[in-house]
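Novice: Got a structure for you, written out below as structure tokens; questions coming shortly.
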Amino acid sequence: QVQVVESGGGLVQAGGSLRLSCAASGSIFSFNVMGWYRQAPGKQRELVASINSGNSTNYADSVKGRFTISRGNAKNTVYLQMNSLKPEDTAVYYCNFALRLWTGPATYDYWGQGTQVTVST
């Protein structure tokens, strides 16, 4: 019903930048919240940033001032611009869509496949 595709990870030196993209397609009625999470080896998955249908954003303290989440003009895409990257930002990054389908009022979570971000010293 819904397909989610991520792109944009890679290897970058400390202080560099990367931009992650994530697009959802399928029988989507509306988006409630779009978010980016990350999971480093041996750690729990954590919320990095989120944006809701009113374009209000929320960031983890560790990325405030460095990362920016935004929605695309097509409304089914979410981006994460990551600047001033640090080695501790190294993780697998996952996008998440909390959305409604045309089939009814329930909200469902869909996840991207994950993309590796590695920041070298």
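The values are calculated or read from the model by the stated rules, or taken from the named source; none is laboratory data. Keep in mind that this is a model prediction, so the values were computed, not measured. For neighbour counting, all protein chains shown are included, and Cβ atoms are generated from backbone atoms with ideal geometry for every residue, glycine included. All accessible areas refer to the heavy atoms of the entire protein, side chains included, with ligands and DNA or RNA removed. Shrake-Rupley method; radii C 1.70, N 1.55, O 1.52, S 1.80 Å.
Novice: Looking for something of a type in the set (Lys, Arg) and in contact (Cβ under 8 Å) with a residue 12 or more places away in the chain - is there at least one such residue anywhere in region 50-65?
Specialist: No - not one qualifying residue is present in region 50-65.
Novice: Okay, next question. Could you say whether any residue in region 85-108 is open to solvent by 50 Å² or more (accessible area, probe 1.4 Å), over 17 Å from VAL4 (Cα atoms), modelled with pLDDT of 95 or more and part of a strand (DSSP E or B)?
Specialist: no
Novice: Can you name the strands (runs of 3 or more DSSP E) wholly within region 1-45 that have at least 3 residues being open to solvent by less than 40 Å² (accessible area, probe 1.4 Å)?
Specialist: 2-7, 18-26, 28-39
Novice: Which one is nearest to GLU88 (Cα to Cα), of the residues in region 46-59 that are open to solvent by 30 Å² or more (accessible area, probe 1.4 Å) and polar (S, T, N, Q)?
Specialist: This residue is ASN58.
Novice: I would also like to ask the following. Which number in (1) surrounded by 15 or more Cβ atoms within 10 Å (Cβ to Cβ); (2) at pLDDT 95 or above marks the one condition that ASN76 misses?
Specialist: Just one mismatch for ASN76, condition (2).
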